[in-house]
Every structure is written in structure tokens, then in C-alpha cells.
1. Name the residue, out of Tyr154, Tyr114, that is of a type in the set (Phe, Trp, Tyr) and either within 18 Å of Pro314 (Cα to Cα) or open to solvent by 20 Å² or more (accessible area, probe 1.4 Å) (or both).
2. For segment 221-232, does any single residue satisfy the condition of being open to solvent by 10 Å² or more (accessible area, probe 1.4 Å), closer than 18 Å to Asp379 by Cα, in contact with a Pro (Cβ under 8 Å, 6 or more places away or on another chain) and in contact (Cβ under 8 Å) with a residue 12 or more places away in the chain?
3. Across segment 409-445, which residue is farthest from the chain's Cα centre (by Cα) among those that are surrounded by fewer than 21 Cβ atoms within 10 Å (Cβ to Cβ) and at pLDDT 95 or above?
4. Cβ-Cβ below 8 Å, separation at least six or inter-chain, first residue in segment 76-91 and in a helix (DSSP H, G or I), second crowded, with 17+ Cβ neighbours inside 10 Å and among the small types (Gly, Ala, Ser): which pairs?
5. Quick test of your reading of the structure: Phe173 fulfils all but one of (1) under 19 Å from Gly131 (Cβ atoms); (2) within 22 Å of the chain's Cα centre (by Cα); (3) open to solvent by less than 20 Å² (accessible area, probe 1.4 Å). Name the failing condition by number.
6. Please verify whether segment 297-319 includes one or more residues that are farther than 26 Å from Trp81 by Cβ, outside any loop (DSSP other than H, G, I, E, B), modelled with pLDDT of 95 or more and among the hydroxyl-bearing types (Ser, Thr, Tyr).
7. Can you name the condition, by its number, that Lys143 falls short on among (1) under 25 Å from Ala69 (Cα atoms); (2) touching a residue at least 12 places away in the same chain (Cβ under 8 Å)?
8. Do you know which residues across segment 356-374 are open to solvent by 40 Å² or more (accessible area, probe 1.4 Å) and assigned to a helix (DSSP H, G or I)?
Amino acid sequence: MTGLIRKTLALAATAITIFSLAACDKTGSDSSGNGSESGKASRDMSINVSSSLVDYSKYRDAVSTDIYAWRGPTDLTDESWQEFKESGINTLIIDSTLNGARGSQFGSIKQEKYIEKCHEFGINAIGYTNGNINKNIKDYKDKDFYSSIKGIDYTDEPNMSEYEEIAGAIADFSEKYPGGKFFVCMNSSGADAKYLGTSDYREYIGGWYDSVLSLLPEGMPRVMAIDVYPLHDAQRYDYNYVEETWLRSLAFIGEQKIAHPELITHLAMQSMSFGFKTNTSPRRLPDETDCIFQAYVAMAFGFTEFSWFTYSSPELDEREFGEEHVSMIDRNGEKTSAYGGVKAANSLIFDLDEVMSSVTWKGVYPVEVKGTSDSEKKDEWAFRYLKSVKSVILEESDFDTVKSVKATANAICSRFTDENGNEGLMLVNYGDPSYGKSNTVDIEFIDCDKVVVYRDGKATVEDVKNGKFSETISAGKGVFVVPYKA
């Protein structure tokens, strides 16, 4: 059995099964993702995929994806922590403590109390050094909660000039927390050169791997994380839109993943509103569609680990967070629309985690359709920026099972393969979800008569007539498709 499809298929309320795909006959085909002429010339235009029904109901309740949150509950009551756990978040970065207070160090009594609470509720804890590159962190091996400490967050959005200092903490960390995550969230490609330490983002993110992650001992997880909060409201430009540099940032991380397959790619996603019109283009409070959209886009770039910024609403300041800005939990301790949105997105991620952990991302094929609105014109720029990361941009000829892809609006079509080279596709309706615009994607397959389709994380098996498959994808949604010949 190959690893491509391991998540349970519920078929007509009968036995729970999945399709196991055998290797395709792709002799001479080029799947490098570079759209080479040699790949087009030698492309094999037929496949021979056999299938058999296998019972994989044991995977029904499997959860393997780590989903973090920043700024956890503001008190230590069981009610608050149960509410936190029910959101689907299973890992807490302890960057704030009681009443949302910031500034405590890993090893402090304040953080210990939060780690103890994580341990009590079965939540993973990521310690936080508050930007202090501590080369002698506290060793909790003698504590019952030691097993709940899954890593330490050393700093946030570093400049290249800080890499050497950060790397200096690896020896101490790996000795005291072997197997833990040495976590740092990096700047996105939209950051100014003064924050990166270079005007070349590839140098910035590649340098992080070469100077820091590559130095982690063999077997320790190498997490490459970035934060991008893409959902803007209409305050600045009189229309909602999606951050233009988002896709390019994801592509650069995907490029690193292709070069270094051992990487765990992590995206910090938006679960709060923030920013003032006077100094930025403010972000809106995400609803369910917004949260699911972020998850689908991230998975379309092969990301397999996630975090939400933030769970509790941050303290007020004059630069980013005013009274009007809230997160999953407002300052009165009440749930907002973002709580339900994050919970729904987490559920989707968990439903797809067996698929995502079984496949390898190979690149993206942007399906461009010229729009008319101002928001859609922002998306045109997003696709231009994306295509500047040429190494991960595919053409139709780079797919083994696909002859053509068309859509009624902008879409992302990503290519994945399993360990035997079998192909899966992630299709995402790309555009600001707040406008509610659906998108019909039409694919013509090469010699395929069936597909397994994951909609909302649930799989069905469907016939494909004359090799043609059509899917109308709602705003903010996507589907994962596995074509095959019975």
C-alpha cells in the first residue's frame, strides 16, 4: 500500500475504505517543476493505475498535525483551558501568562504554572525566551511535566545579523531537550530589507537553514516557520483584499522544503484584527471562511504545521492593538467569530493530515483569470509575485495525469506525489473570501476514469466521464483530488 491516501473514506455508510494506488507508468516524464522542454517532449500521455479497496478505519481518529497558538488563556481556570483545548489547538507557545502579561522567561515561575496546566490538559508546551538567546536554559528533566515541553521559541522575526548568536543556543537546547523543536518564526518576503538584513529574501531564508537549522543534531526536527497575516479590511483602500506578497512567501518556503526534504514547514496564520489606518492597512477579524481559506492555501504549498496569532486578545498599545482589535477570545473572556473559524479550520487540517503527511509537494500551477474589481487586481499582483519564485512554478506539462486546467476565477493547482510517484492535486479558489465568489475548475485528465475527492476533508469516490472533471469551489475553499484508472 502506498502512502498517498490514508485517511478514511466513508462510502454510503458502509465499511470504511480507501483506495491504494499503485505506481504510474511514467517512463521518461520530467516532474522537476521547472516546465522544461525536455519534459514536454518525453511526457508519457497515459497511465496505468490499479486499485484495491483496503480497510483503513483505524485512521479515523488519527491526529498528528501540531497546531499552535500564541497568547493562550489569561487565567488558570479549568473552564478557560477546556475552552482552549476544544478549539482544536494542541500546542501553546507560552509568550504570555496571567492577565495576558508578557515578558516572562522560560524557567520562570509564571511559565512553569502554564506548562503545568498544559500537562494537565494534554496540551504541548513551547517555552518562550522573549527574545533572550539563553544558552543555559532551565532543565526540567526531573519534573513530571517535562514530557509536555515540546520545544522552545527563542526569538521572533530575526535579522540575518542575529543568526550566529541564535545558533549558539543549539548545543544547550539539544542536550536538555533532545528531540524538541528549536523554534523561531521568520520574517515574510514582504518585510523591509532593514528587518531582513538583506534585500534578497532567498538569501535571508536560505541563510537561516544554512546557518541555524542545518546545525541541529541529526534526528531533531527542523522547523522552518514564517508568519503572514493576509486578510485586510477596507479601511485603507475602501475594499477588502488579500496581502499580495503572501503566496510569494509561501513559495520561498516551499522552495526550501524541496531542497531540504527533512524540513517541517510551519505557517503562523491570522486569527485576530489589528493595525491602525494611520500607519498600515489594517487586518480584519477572520470569520470561518477566512480561517479555512488560510488553511487551504497553506496546504496547497505543502505546509504541514500551523499556528494561530492569537488566541487571547493582546494588550493594548499605540502601534497595532486598539480596543477594536480582538482575537479568538475578547478582553471580556468571550468567544468571537474567530474562535469558531479557527475551530473549523483546525478540524479540516486534522481531517486532511493523513493525506498531507503521506505526500510530497512538488510545486504550484497558478490558474490566472483576469478580474475586474480592485480586490481582484491585488490578486493579479499576488500571482505576479508568486511567479517570480520560478523554481516552484509548474506548467500543465509537468503533471502526469493532467492534460489541462481551466477556471472561472483565479485558482491554485498544486501537485503532490506519494513515495511511488502517484499524483494528487490540491485545487484552491484564490481570492478574498469576504466577497463570496465561487469558482468552477475544469480539469481534463489523461486516461483516468475515477477520482477520489476530499471535500471539507471528507473523501468520496466518483466516476470521471471522458476524462473530464468539474468542481465548483465555494469562496475560501479547496479540494484534494486523486485521479486514477480503475
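1. Unique residue meeting the criteria: Tyr114.
2. no
3. Glu444
4. Phe84/Ala69; Phe84/Gly72
5. (2)
6. No, that holds for no residue.
7. For Lys143, the failing item is (2).
8. So the first thing to find is which residues in segment 356-374 are open to solvent by 40 Å² or more (accessible area, probe 1.4 Å), and the list is 357, 360, 362, 365, 368-370, 372-374.
Asp374, the sole residue that qualifies.
The values are calculated or read from the model by the stated rules, or taken from the named source; none is laboratory data. On a predicted model such as this, the values are computed, not experimentally measured, just so you know. A quick note on method: Cβ atoms are made from the backbone with ideal geometry, for glycine too, and the neighbour counts reach across all protein chains shown. What goes into the accessible areas is simple: the full protein's heavy atoms, side chains included, and nothing from ligands, DNA or RNA. Shrake-Rupley method; radii C 1.70, N 1.55, O 1.52, S 1.80 Å.
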